[in-house]
Amino acid sequence: MSRVVLVHGIAQQYKGSQTLLADWYPALADGLALATGVQLPYEDVSMAFYGDVFRPAGHRGLGVPELDASDVMDGLERDLLLQWWAEAAEADPAVPGPEAPARLRTPYLVQRALDALSHSAFFAGLSERLLIWSARQVRTYFTDAEVRAVIQQRLERCVTADTELIVAHSLGSVVAYETLCAHPDWRDMSLVTLGSPLAVRNLVFERLLPPPVDGRGSWPSPVKRWLNVADRGDVVPLVKQLAPRFGERIRDVSIHNGAKAHDVRPYLTARETGLGIAEGLGLT
């Protein structure tokens with residue numbers, strides 16, 4: 001029964017709970033040791049894995065389905081790619097920004113966004129189809145009620161009477177937030193969110209369950225302490241601070257992750273994250 005439950009983000013469909021846990025645990029242990037010198041046993045940590053929900057059914061070819069700009073759907077999928085593009089252009093002078101986007105047809109505009117993102121430092125090495133597939137996973141979570149429910153059930157099964165802390169990355173922070181809100185009966189616990197898009201207006205914030213009221217998101221009843229960590233250059237959390245939308249009880253912390261700003265590992269190895277985990281476990 002784990003004291004810490006981890007929740008991953010998008011594009012993990014070909015991994016598994018143990019694969020991801022083996023990847024995350026050393027970084028988490030390093031951040032905790034850097035902050036406090038304390039070691040957390042491996043058996044005290046578990047991964048709420050849901051990546052397989054997005055694994056494509058059998059199709060021709062291997063890996064991610066063949067996708068191009070013409071496959072990008074209007075609405076959330078398109079808007080998310082355009083927002084990533086605008087943010088990447090602002091953070092990286094080498095990335096050309098959007099120009100008069102409202103005047104351009106969707107396929108051409110999206111193709112420009114994909115070209116720019118695939119050559120940016122942030123998304124370097126990601127193919128166009130993987131970028132589209134990542135945006136599609138976000139859209140699917142918010143528009144497919146069955147997928148949303150199955151993903152939240154994966155986290156529900158990992159949380160027990162021994163759970164003291166949830167650490168959630170990227171889309172996983174949305175999963176953790178909504179699941180915690182749905183379980184006011186759970187014991188008090190702490191929450192650490194890393195690279196979270198929860199406060200992104202129009203794309204994420206207004207789509208949350210329960211819905212925000214008067215521009216404010218609900219506070220998850222079981223959460224007694226909430227640390228939100230964001231890299232200033234991370235493109236995914238377009239809004240870096242959560243406190244203005246979810247309450248001043250949130251402690252927003254800014255860090256620097258280097259070139260891989262959204263990678264969970266530098267988030268976890270940061271002293272600030274390690275200290276937040278230690279506080280959540282009562283180790284300080």
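What follows draws every value from the coordinates through simple rules; no lab data is involved. Everything numeric in this text was worked out from a predicted model, so none of it was measured. Virtual Cβ from ideal backbone geometry, glycine too; neighbours counted across all protein chains shown.
Side notes on the structure shown:
- Counting only DSSP H runs of at least 4 residues, each contributing -39500 (n - 2.57), and dividing by the residue count of the chain, the helix-based mean residue ellipticity at 222 nm comes to -12000 deg cm²/dmol.
- Amide H contacts under 5 Å for Asn228, placed H, 5+ residues apart: Thr193, Arg251, Asp252, Val253
- Computed from label points 7 Å out along Cα-Cβ, the spacing between Gln241 and Ser221 is 3.0 nm.
- Part-to-part distance (alpha-carbon centres) for the range 73-99 and the range 179-212, which is given in Å: 24
- Applying 0.36 nm per residue to the separation of Arg187 and Asn202 and subtracting their alpha-carbon distance, the gain on full extension is 2.2 nm.
- Percent antiparallel among DSSP beta bridges (both partners in the chain, rounded to 5): 5
- This ranking places Glu206, Glu164 by how few other beta-carbon atoms lie within 10 Å of each, fewest first, which gives Glu206, Glu164.
- Between the helical axis of 128-143 and the longest alpha-carbon principal axis of the chain there is an angle of about 60 degrees.
- Rounded if a/c under 1.5, otherwise prolate or oblate - the range 126-264, Cα gyration tensor axes: rounded
- Modelled spin labels at Ala259 and Tyr42, positioned 7 Å past Cα toward Cβ, are 3.0 nm from each other.
- Neighbourhood net charge (14 Å Cβ-Cβ; Lys/Arg +1, Asp/Glu -1) for Tyr50: 0
- Working value for the chain: equivalent-ellipsoid semi-axes of 30, 20, 19 Å, each the square root of 5 times a Cα gyration tensor eigenvalue, largest first.
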